[in-house]
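Reading through the structure tokens given below for one structure.
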Amino acid sequence: MVNQTVPSAGPGPAASAGAVSETVAERSRLWELARGVLDGNWEHDHTVPSRTLYPHQWSWDSAFIAIGWAHLRPDRTWSELTSLFRAQWRDGRVPHIVFNPAVSGGAYFPGPGFWSSDTVEGAPPVATSGLVQPPVHALAAWHAYRRMPSEQGLAALRRLYPHLVAQQRYLANCRDVGGAGLASIVHPWESGLDNSPAWDAPMSAVPAEAAVMRAYRRRDTVHADPAHRPTDLDYARYVTIVTAYRAGGYRDDGLAGRHPFLVECPLFNAAMGASEVALAGIAEVIGADPGPHRERAVRITEALVTRLYDPDTGTFHPRDLRTGRLTPARTVLGLTPLILPDLPARQVQAVLAEARSARFGLAARMDRPLPSHDRTATDFEPLRYWRGPSWLNITWLVRRGLLVHGHDRLAAGLRSSMIELVAAAGCHEYFHPDTGAGLGSSAFSWTAALLLDVLAD
Ligand code: 9WN
């Protein structure tokens, strides 16, 4: 253990409305469990999501992880984000994977050789992927700073601010393929919810056969049960889409005419809007102008409502730009626009109704964890990755959204649920949505980080 800093937040007082038996001893046990996971996954200037499955740095993982470090080692919060943004491309994109050169190229598929970022003008010296992930970084930086304000944190915010702005500018300028003020994702990996049923419709149009994977060696199925992971056909399509993007040098001009997967995702765009709100906060404390950020947040929220809200289902859906249609699945992605403070009351109420329905079971006392997909759907799969299992990062985001709109009792239900999951199963990557059993990696960083954050509340 390398902890010189005593957490000033610490596990906090025992007791909380409707929570698991939060005795001081139990909270301390969970605190130490989470600390052990983050310490074990720390790698000189960043934290790997998992030593086995994901031995490099991932973009949105680092944002969530930075929040956890604020409670243990705030210096690592800033190191985490700084190392990620050091790999930012000249066009402003923040790559979804930054490869650690000390780790063998074959440890993860697809590795640095597959992405070939070194052949691309404007890519950084370190090898990276060419995709992005949901831009939750400004949100995380601002949240972490407010958790643990310090001179060091303020200086870090000052340094990060232009990079965070460039990240948003890239998405607004280069990824607005639909021309309506929302960013498009060009690959399911960019959503962070890789094999969500949300992508089934657009993915079915991507020409690929499972046999494509005979040419590659998947590494994920060495460490995790293949029945819990995306299928070979999914991977064949993942490879096909990256190959198309890579062939164009990862350029974004003309994507509409040539790219096989183009979707406007509610979570991705809600994150982009919430990050503008966070940037307004950051701008205020560092003496920059918050006005343009607030205006952009309002515009993104309006575009999200106009483009991705379906009054017939009462929830948000991704829009497939290849067909112009909303994708039909009702997934947890639809609940995430709650993180936008300017979301109109009508949509807030509709999303709350969706969340409280049998599909997601949100309640002040949850009887089961929040699933990643509609429990009542015929394609709900309780074991397969983003097609049913419960994830703490999404639960944390929905909880933030509930707090933003003043639904504290429902937010407390999600907090208790997060704590109960880890108390019973440990810091797993994801959890069985009925039994709460731990699935995937057993020492997963964002689970530990976000547990710390809710424990400290
Ligand atoms: C592909 C690291 C990442 C997360 C994603 C999650 C998973 C990668 C994979 O792991 O994706 O990026 O190999 O499955 O879906 O959200 O960032 O934890």
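Structure above, values below:
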| read-out | value |
| --- | --- |
| Between the range 44-64 and the range 363-379, the alpha-carbon center distance in angstrom | 28 |
| Per residue, the convex hull volume that the Cα atoms of the range 80-208 enclose (Å³) | 152 |
| Size of electric dipole in the chain: Cβ of Lys, Arg +1 and of Asp, Glu -1, about Cα centre, debye, nearest 20 | 120 |
| Dipole axis of the range 61-203 (+1 Lys, Arg; -1 Asp, Glu on Cβ), positive-most option in TRP115, SER184, TRP69 | TRP69 |
| The range 102-163 - convex hull of alpha carbons, volume per residue in Å³ | 140 |
| Rg(Cα)/(2.2 N^0.38 Å) for the range 337-382, N = residue count | 1.26 |
| For the range 210-256: span of alpha carbons on each principal axis (Å, largest first) | 39, 19, 15 |
| P(r) histogram, all alpha-carbon pairs of the range 169-213 included - 10 Å bins from 0, percent | 24, 41, 28, 7 |
| 5 angstrom amide H check on THR315, placed H, neighbours 5+ away | ASP310 |
| Volume per residue of the C-alpha convex hull in the range 126-264, rounded to whole Å³ | 166 |
| Whole-Hz ³J(HN,Hα) from phi, Karplus 6.51 cos²θ - 1.76 cosθ + 1.60, for the range 358-373, glycine and proline x | 4, 5, 10, x, 5, 7, 4, 10, 6, 8, 9, x, 5, x, 8, 9 |
| Order by protection proxy (mean Cβ within 10 Å, highest first), peptides 241-253, 51-63 | 51-63, 241-253 |
| Per residue accessible area in Å² of the chain, where ligands, DNA and RNA are left out and the probe is 1.4 Å | 35 |
| DSSP-loop GluC sites (Glu not before Pro) across the range 149-246, with at most 14 other Cβ within 10 angstrom | GLU209 |
| Principal axis dimensions, largest first and in whole angstrom, of the chain by Cα | 57, 49, 48 |
| Heavy atoms of MET418 accessible to a 1.4 Å probe, total area in Å² rounded to 10 | 0 |
| Relative compactness, the range 398-457, computed as alpha-carbon Rg over 2.2 N^0.38 Å | 1.13 |
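The values are calculated or read from the model by the stated rules, or taken from the named source; none is laboratory data. Values in this document were obtained by computation on a predicted structure and should not be read as measured data. In this analysis, Cβ positions are derived from the backbone assuming ideal geometry, glycine residues included, and neighbour counts consider all displayed protein chains. Please note that ligands, DNA and RNA were not included when accessible areas were found on the heavy atoms of the full protein model with its side chains. Shrake-Rupley method; radii C 1.70, N 1.55, O 1.52, S 1.80 Å.
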